Number of protein chains: 2
Amino acid sequence: MPDQGNTRYEQLADEMAQAMRDGLLQAGERLPSVRQTCQRRGVSPSTVFQAYGLLETRGLIDARPRSGYYVRAQKRSARALPQLAPPRTEATAVAVSALAFELLESTRDPAVVPLGSAFPAAHLFPFDALARSGARAMRRVKPAQITGALTAGDAALRQALRRRYTLQGVPLAEDELVITNGAMEALNLCLQAVTVPGDVVVVESPTFYAALQALERLNLKAVEVATDPQEGVDLAALAELLARQKVAACWFMPTLQNPLGALMPSARKQALVALLARHGVPLIEDDVYGELYADVRRPPPAKAFDQAGGVLHCASFSKCLAPGYRVGWAAAGRYAPLVQRLKMMTSLATALPPQLAIADYLAQGGYDRHLRRLRAELAGEQQRARRLIERHFPAGTRVSRPAGGYFLWLELPPAVDALALHHRAMALGISTAPGVLFSADRRFVHHLRLNVGHPGDARVDDALRRLGELAIAELAAVR
Amino acid sequence: MPDQGNTRYEQLADEMAQAMRDGLLQAGERLPSVRQTCQRRGVSPSTVFQAYGLLETRGLIDARPRSGYYVRAQKRSARALPQLAPPRTEATAVAVSALAFELLESTRDPAVVPLGSAFPAAHLFPFDALARSGARAMRRVKPAQITGALTAGDAALRQALRRRYTLQGVPLAEDELVITNGAMEALNLCLQAVTVPGDVVVVESPTFYAALQALERLNLKAVEVATDPQEGVDLAALAELLARQKVAACWFMPTLQNPLGALMPSARKQALVALLARHGVPLIEDDVYGELYADVRRPPPAKAFDQAGGVLHCASFSKCLAPGYRVGWAAAGRYAPLVQRLKMMTSLATALPPQLAIADYLAQGGYDRHLRRLRAELAGEQQRARRLIERHFPAGTRVSRPAGGYFLWLELPPAVDALALHHRAMALGISTAPGVLFSADRRFVHHLRLNVGHPGDARVDDALRRLGELAIAELAAVR
């Protein structure tokens, strides 16, 4: 899965980041000087300066004046990761939506610091370029093309998407893609394609509340499987569950899981797909954060390992290019014809103007450049936010260390009621996403998901500090 | 319910059309001369010429050179109306979607004469003006407004819609409107809001196949109630049904029903709403053709008579302004909060660019002018098509006489298999919508819905002639 179009300096930065992860460059170690690196790698000084600048932005190295660049300690021991939490294993009827709805509505106010929001800062997206693309595309389109908009979506957009999949090592069948009203619709259609009311569906624990809402809406039962903040779903627990009970489907986010940020290693993704294939259980793969990796290259989706057409891969442009345009898709494997039919029944077709705008934008060729900038900004801001949380939150707070995206998952000391904390923070004009949202049985009561995708928002530092103070005050009150 | 913004000549034409319906101006009678009408009404000759031109376009009068204008015979007796067909009254599990899907896909080819299509001709819609509005709106919008797109939809668009409802005599509660991905999504959300799997829902007979598909998707049972081609649902049969069995909801199109074109008179709409309120049964009112009336003014929706908040009114811009933009809405009465929550769960929000384009277009003020032109074109083409059908189809063919829209419903002689006819016509490059699509138990086997919303398409005359010949040939073969 080659990463297309990376510049020389990005490649260099990625290689050095990998060397740090592999322990070849250790915390506190001085990096080779710019001059040395130029000589060794046969690159220009400006390439090295840009690479070091990128590593600094990502929080991986520090520049010390008149001394050089040093590998930053990632303080793996200073803050422990949140713990894997084994959930109840019996199926649960789902009813989380009232709370989710109330909380989401409460974060709409632009005056509120959006740490509970689901989207990164608006200024990170190329809305002007998209608007120009939209205007150009709509001037050019023929009326008959508009009235004849296909259920499966605009042909040029599907072609462009299929090309990206292929370049990422995931060949798709010609008619496999269906464009949807955001990934949310894709996920809902896929879920309906593989279940009937009363069925049991396995989700991660914690899991994205929209998955729980979708199950609730379709009268399905959820079984939660423990999910490690780094490694993703516990495969042993899943295998045991599949041996014990009839399961209609799994709905997982193997890449940059929401809320944990877990990135399942490729070997584990492959094992997951093989395990589910043995049991004939389809995998609904929610991959909306896949483009926001902080790693060297895009992690392959589980879909890349699918031989049997059992993986229904869902994604969108809403988190990485065009929020509000509601352009998502499903590559639904052997379920594709059924998903397309359900799409026709549910909403006939997806709006054409946003599809044409994005297809034109992709054809202009700026998408990968935009993504590289976006990844670097989010990675830098994540580092910054983690440092602030370490400074301001009570001792014993555990923080996730996701390999991309823009969420941090906090496990506060058990005495902190995160829902109460959320309400107190809202009164101060700060939203959060309390942990109870992320489980059907309202576990994760002392957990918070924080959106740290707002680089440049001057209110964030103060908001994190005040959140930490609220948590400390609550701890003091119960002691 | 005053019709806003009608010009003087349109008012004059409407008054004369009403006089014809009331029998005050009889078939064959000569209209007052232009000079006489100028004097009597105190209007200019050009106003009278325009009014007479409009009546001619609508097929209501004929111009005879050097003689004047004459009321055209509407040949009520030449072709009988299709008959009211009492359906089976037990609930039926629904499985019409495979056929509907296959047929719809087969009509996508632009080389096929689209008599089976669901949309009028593309040239009837102001796509250029919409594209300009879209470009202007997207240049002006703030990024935070895009990322913060609300589940309920763009505030300005909702405000404009609410204003139109109010002007049509239907005041809405402030938060009643939810913008959806076309009316199809609105109808699906409303249906889900008022049912659980296994429930019985009453539909018209014949009914729109998408209603049957929606029921199928949500594991609901359909009971069909006979629907008169002119007067709409048989209220006595409905009352009897409600007394006999538990019904979760009705899904009706009281205004320009698809496929019949029936326009339920206002008094009957009022009686329907009262009957359902007595039984506590919600009405899902599909009103997507409401703006395409051929009458003097917009017929009130059933929603206009709702006191109890039990009418969930669904409509869209897809048939009257902007196909392919997928902007619809639900005004769901007391179910509005639930519908909004289901919208969030199902697709989070509706794409913003098409909403902003339409909101800007509405603000420019050309919508009512566009609608008047569209209605006149469709009414004229319907008259033309009915004459062609009378000329070319076998004796005994009954044709609907809808009060607007762009569908004709044909009841062919019983020996004609309309599905076979459809397949033969497709082989000649002509699509139709065979009657079996419009019932869960595949009634209406010798019926066809024809789209006559393609004024100016030179292929239509020949296609109608060839369809008629195919029907005659099939009749000859079975005799």
If you check A:Arg401 against the conditions, is it on the phi > 0 side of the Ramachandran plot and out of contact with any Ser or Thr (no Cβ under 9 Å at 6 or more places or on another chain)?
no
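Considering only the range B:87-97, I want to know if a residue exists there that is of a type in the set (Asp, Glu), outside any helix (DSSP H, G or I), at pLDDT 70 or above and not assigned by TED's automatic domain parsing to the domain that holds B:His446. Break it down stepwise before answering.
The first filter runs over the range B:87-97 and keeps only residues of a type in the set (Asp, Glu), leaving B:90.
Filter once more, so that each one left must be outside any helix (DSSP H, G or I): B:90.
Next, only the ones that are at pLDDT 70 or above stay: none.
No, the range B:87-97 contains no residue that is of a type in the set (Asp, Glu), outside any helix (DSSP H, G or I), at pLDDT 70 or above and not assigned by TED's automatic domain parsing to the domain that holds B:His446.
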Just to be sure I understand, how many residues within the range B:332-378 are surrounded by 22 or more Cβ atoms within 10 Å (Cβ to Cβ), under 22 Å from the mean Cα position of the chain (by Cα) and at pLDDT below 95?
0
I'm checking my understanding of the structure. Among residues of the range B:117-153 that are in contact with a strand residue (DSSP E or B) (Cβ under 7 Å, 6 or more places away or on another chain) and over 30 Å from B:Pro434 (Cα atoms), which one is farthest from the other protein chains (Cβ to nearest Cβ)?
B:Gly153
Residue list for the range A:263-292, restricted to those being buried (at least 22 other Cβ atoms within 10 Å of the Cβ) and among the hydroxyl-bearing types (Ser, Thr, Tyr)
A:Tyr289
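Please determine whether any residue of the range B:323-331 is surrounded by fewer than 22 Cβ atoms within 10 Å (Cβ to Cβ) and in contact with a Ser or Thr (Cβ under 9 Å, 6 or more places away or on another chain).
Among the residues of the range B:323-331, not one is surrounded by fewer than 22 Cβ atoms within 10 Å (Cβ to Cβ) and in contact with a Ser or Thr (Cβ under 9 Å, 6 or more places away or on another chain), which makes the answer no.
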Can you tell me how many residues within the range B:466-479 are loosely packed, with under 15 Cβ neighbours inside 10 Å and in contact (Cβ under 8 Å) with a residue 24 or more places away in the chain?
3
Scanning the range B:198-228 for residues that are under 15 Å from B:Ala248 (Cα atoms) and part of a loop (DSSP other than H, G, I, E, B), which turns out nearest to the other protein chains (Cβ to nearest Cβ)?
B:Asn219
When the range B:179-197 is examined, which residues are found to be more than 10 Å from chain A (Cβ to nearest Cβ) and free of Cβ contacts under 8 Å to residues at least 60 places away in the same chain?
B:Thr195
Give me the pairs, please: first residue somewhere in the range B:281-296 and assigned by TED's automatic domain parsing to the domain that holds B:Leu312 and closer than 24 Å to B:Met16 by Cβ, second residue anywhere and among the hydroxyl-bearing types (Ser, Thr, Tyr) and buried (at least 22 other Cβ atoms within 10 Å of the Cβ), beta-carbon distance under 6 Å, and either six or more positions apart or on two chains.
B:Gly290/B:Thr255
With the condition kept exactly as written, say whether any residue in the range B:73-85 is at pLDDT below 75 and within 13 Å of chain A (Cβ to nearest Cβ).
no
Quick check on this structure: which one of B:Arg341, B:Arg297 is over 25 Å from A:Leu130 (Cβ atoms) and not in a helix (DSSP H, G or I)?
B:Arg297
Would you pick out the residues in the range B:431-456 that are at pLDDT below 95, over 18 Å from the mean Cα position of the chain (by Cα) and closer than 21 Å to B:Ala385 by Cα?
B:Ser431, B:Gly456
Answer yes or no as to whether A:Thr195 is part of a loop (DSSP other than H, G, I, E, B), assigned by TED's automatic domain parsing to the domain that holds A:Pro229 and surrounded by fewer than 24 Cβ atoms within 10 Å (Cβ to Cβ).
yes
Just the residues that are facing chain B (nearest Cβ under 10 Å) and not in a helix (DSSP H, G or I), please, taken from the range A:344-372.
A:Leu348, A:Ala349, A:Thr350, A:Ala351
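Residues checked against (1) assigned by TED's automatic domain parsing to the domain that holds A:Arg158; (2) out of contact with any helix residue (DSSP H, G or I) (no Cβ under 6 Å at 6 or more places or on another chain); (3) within 27 Å of A:Phe252 (Cβ to Cβ):
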{"residue": "A:Val311", "(1), (2), (3)": "yes, no, yes"}
{"residue": "A:Ser318", "(1), (2), (3)": "yes, no, yes"}
{"residue": "A:Val327", "(1), (2), (3)": "yes, no, yes"}
{"residue": "A:Ala331", "(1), (2), (3)": "yes, yes, yes"}
{"residue": "A:Asp360", "(1), (2), (3)": "yes, no, no"}
{"residue": "A:Ala379", "(1), (2), (3)": "no, yes, yes"}
{"residue": "A:Ala385", "(1), (2), (3)": "no, yes, yes"}
{"residue": "A:Leu388", "(1), (2), (3)": "no, no, no"}
Within the range A:230-244, track down each residue that is of a type outside the set (Asp, Glu) and in a helix (DSSP H, G or I).
A:Leu235, A:Ala236, A:Ala237, A:Leu238, A:Ala239, A:Leu241, A:Leu242, A:Ala243, A:Arg244
If I filter the range B:154-178 down to residues being in a helix (DSSP H, G or I), among the small types (Gly, Ala, Ser) and away from every other protein chain (no Cβ under 14 Å), which single residue comes out as nearest to B:Phe252 (Cα to Cα)?
B:Ala160
Of all residues in the range A:38-55, which are within 17 Å of A:Ala19 (Cβ to Cβ) and either touching a Pro at 6+ places or on another chain (Cβ under 6 Å) or surrounded by fewer than 21 Cβ atoms within 10 Å (Cβ to Cβ) (or both)?
A:Arg40, A:Arg41, A:Val43
Just one listed residue, out of B:Arg326, B:Arg372, is among the charged types (D, E, K, R), farther than 27 Å from A:Ala137 by Cα and in contact (Cβ under 8 Å) with a residue 24 or more places away in the chain, and it is B:Arg372
Test for B:Val247: is it in a loop (DSSP other than H, G, I, E, B), assigned by TED's automatic domain parsing to the domain that holds B:Tyr335, more than 16 Å from B:Leu342 (Cβ to Cβ) and among the hydrophobic types (A, V, I, L, M, F, W, C):
yes
Tally time: how many residues in the range A:411-443 are within 15 Å of A:Phe208 (Cα to Cα) and either of a type outside the set (A, V, I, L, M, F, W, C) or crowded, with 24+ Cβ neighbours inside 10 Å (or both)?
11
Quick count over the range A:424-461, residues being in a helix (DSSP H, G or I) and either without any contact (Cβ under 8 Å) to a residue 24 or more places away in the chain or of a type in the set (Gly, Ala, Ser) (or both), is 3
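The values are calculated or read from the model by the stated rules, or taken from the named source; none is laboratory data. Model, not experiment: these values are computed from the prediction. We place every Cβ from the backbone using ideal geometry, glycine too, and count neighbours over all the protein chains shown.
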